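Everything below concerns the one structure shown next.
Derivation of every value follows stated rules applied to the coordinates shown; laboratory data play no part. Quantities reported herein were computed from a predicted structural model and do not represent experimental measurements. Methodologically, a virtual Cβ is constructed for each residue, glycine included, from the backbone with ideal geometry; neighbour enumeration extends over all protein chains shown.
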Amino acid sequence: MATKLPIDCVLALTYNCNARCTMCDIWKIKNSPELTLEDIAKLPDSLRDVNLSGGEPFLRKDLPEIVAAVRQACPKARMVISTNGFLTPVIDKAMEKILKIAPDIGVAVSIDGIGEMHNTVRGIPGGFDRCMETVRVLKQKGMTNLRLGFTITPENVEHFAKVYDLTRELGIEFTHSFAQSSEFYFGGKQNVNNPDPVVLKKAYKHIINSELKSWNLKRWLRAYFASGMCRFITEKNPVLDNAPGRDFFFLDPTGDIYPSVVHNMILGNIRKVTNFAEFWQSEEVEKRRVKVDAMKTPVWMICTARTALYRHPFSVVGWIVKNKLFGY
Ligand code: SF4
């Protein structure tokens, strides 16, 4: 049977970046190549989630045109822009246009700690205040699909629960990830990421139980994702199988298509693709998938987890019911 078309992808629109993060060297890349509107027009309409990422996506002056191109190529896809949030006036102006094209679009502003902690992790003095101003401006536009994104590192793990609490105060959503190593993403940065397990588990307990107390399916699913992330970080073992290079892919600014940001296997280049379905279901790509499977690289990120949730709905529902009734 032919491989199904992917439902989830991350687009690195550019590797140009105005931050100086401790866990990522992308900002050291100068004059990054960039994905073009022609590249984006080739995305398959099977996609249900598209993350517009970078580098810093708001450095692209044509971001509104990019959003329009994604909407046209994949009309059923939910879109989220992941930003470091430092370019408040630029973001303000671009979102004015973007919200007219895609009123339901989401924005995730990275916050890796409160105050000085965030400034240190992101390498930008005064960065926390700038990000909070960005959030204020976006809220003022009436955006409801707004979230803070926290990246766990050993240095900021003490702030994990605090940033979660900040989202509850602000009435916006919370998402998080774990600083990983990659041979080709994060500027090739190799992170040794072993946050204090006691602090980490305590923060997860707080976050998961708080999410489960709500009457909101999205937050329950987020609690499940968080429990999987806790296990992944402490045991390096994903809770559910996921399918890199099948359900999802990562597209870099040169057009190279990878199974994910941590699987170093180019499946092809979108610039050479004339028909995405034919490419995705070709024998050559299938052979590369077999090699990807053999890598056995454990992975648990929002894109991989989201697709795994679709594949294993009963395990997820069972986990939610049990932990909602008895606590995590
Ligand atoms: S983590 Fe994001 S904001 Fe930080 S340097 Fe990398 S791409 Fe830029």
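Numbers below:
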read-out: Highest-MSF residue in the chain out of 290, 199, 109 [GNM, Cα springs under 10 Å]; value: 290
read-out: log₁₀ of I(q)/I(0) at q = 0.10, 0.12 Å⁻¹ - segment 55-182, Debye sum with one point per alpha carbon; value: -0.31, -0.45
read-out: Cβ crowding within 10 Å averaged over residues, with 135-144, 169-178 ranked highest first; value: 169-178, 135-144
read-out: Mean Cα-pair separation over length for segment 8-326, i.e. relative contact order, pairs under 8 Å, 6 or more apart, %; value: 17 percent
read-out: Whole-angstrom Cα spans of segment 114-203 along principal axes, big to small; value: 39, 31, 24
read-out: Segment 11-119 pair-distance distribution - Cα-Cα, 5 Å bins, rounded %; value: 2, 12, 22, 24, 19, 12, 6, 2, 0
read-out: Candidates 31, 18, 194: whichever shows maximal mean-square fluctuation once the chain is modelled as a Gaussian network with Cα springs under 10 Å; value: 31
read-out: Alpha-carbon Rg with Dmax, taken over segment 8-326, Å; value: 18.7, 53
read-out: Too-long pairs where the Cα-Cα distance tops 29 Å, listed order kept, from 4/218; 28/205; 61/287; 162/218; value: 28/205; 61/287
read-out: Spacing of the two label points (7 Å from each Cα toward its C-beta) at residue 104 and residue 297, in nm; value: 3.2 nm
read-out: Cα-based equivalent ellipsoid of segment 122-259: semi-axis lengths in Å, sorted from largest, via gyration tensor; value: 24, 21, 18
read-out: Spatial separation of Cα centroids for segment 250-276 and segment 158-187, in angstrom; value: 26 Å
read-out: Enclosed volume per residue, in Å³, of the convex hull spanned by Cα atoms of segment 188-291; value: 142 Å³
read-out: Gyration tensor over alpha-carbon atoms, segment 264-325, equivalent ellipsoid semi-axes in Å; value: 33, 14, 10
